[in-house]
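Any read-out appearing in this document is the output of simple, stated calculations on the displayed coordinates, not a laboratory observation. Because the structure is predicted, anything quoted here is derived from the model rather than measured. Quick reminder, even Gly has a Cβ in these numbers, built from the backbone with ideal geometry, and neighbours come from all protein chains shown.
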Amino acid sequence: MRAVDSAGILFICGDRCLLAHSTNSKWTGSWMPPKGHVEFGESIEQAAIREVEEEIGWQIKSVFLKDSFDVKYIDSKGKLYKLVRIFVVRIENEDPNKNGPMLKQVGTLQMEEVDRIQWFTKTEIKTKALSRYVEGITTAMK
């Protein structure tokens, strides 16, 4: 099995989840959880936490990273070329600062990577999210 290349976090609040839009991408079919590359010597959890803080300015403690799903990037020949681990975190409020010790906002969007974050329903995800993420996201939202 391939090692995990990237990690991120899917935040779920009630019947909606938070997705990030990659800068300069089309507005439909390109949204995904904030995520990024696992650096040398870094755990998958550390990478997810760091990337979320860098990209959207939200800080979370590793103790809350329990559930996860993997997203496979497969080329036209059927070869796996990237494996992404997405941790699923359920929060009480869409405002990070109203989630007690679990989550707080410590920065802003990293505009070179992410130009917008938005909350989506399960129905909206089917047209807005990057297709390889749809199944994992909608399953996590059950």
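Which percent, to the nearest 5, of DSSP beta bridges fully inside region 6-140 are antiparallel?
Details: 26 of 34 bridges.
So the antiparallel bridges in region 6-140 amount to around 75 percent.
So what's the gap between the Cα centers of region 125-140 and region 88-120, to the nearest angstrom?
Measuring centre to centre over Cα atoms gives 19 Å.
What dipole magnitude, in Debye to the nearest 20, does the chain give about its Cα centre under +1 on Lys/Arg Cβ and -1 on Asp/Glu Cβ?
Working: 21 positive and 20 negative charges, 118 e Å.
Charge dipole of the chain: 560 debye, to the nearest 20.
List the pairs from Lys66/Lys128; Lys79/Lys142; Lys26/Lys128; Lys35/Lys128; Lys122/Lys142 whose alpha-carbon separation is above 19 Å, in the order I gave them.
Details: Lys66/Lys128 26 Å; Lys79/Lys142 30 Å; Lys26/Lys128 10 Å; Lys35/Lys128 17 Å; Lys122/Lys142 9 Å.
Correct reply: Lys66/Lys128; Lys79/Lys142.
Mind putting a number on the dipole of region 52-106 about its Cα centre? Charges go on the C-beta only, +1 for Lys and Arg and -1 for Asp and Glu, and I need it in Debye to the nearest 20.
320 debye
Between region 33-67 and region 6-25, what is the C-alpha centre distance in whole Å?
About 13 Å separates the Cα centre of region 33-67 from the one of region 6-25.
When the expected Rg is taken as 2.2 N^0.38 Å, what fraction or multiple of it is the alpha-carbon Rg of the chain? Don't skip to the answer; put the middle values down first.
Numbers: Rg = 14.2 Å, N = 142, 2.2 N^0.38 = 14.5 Å.
Here the answer is 0.98, to two decimals.
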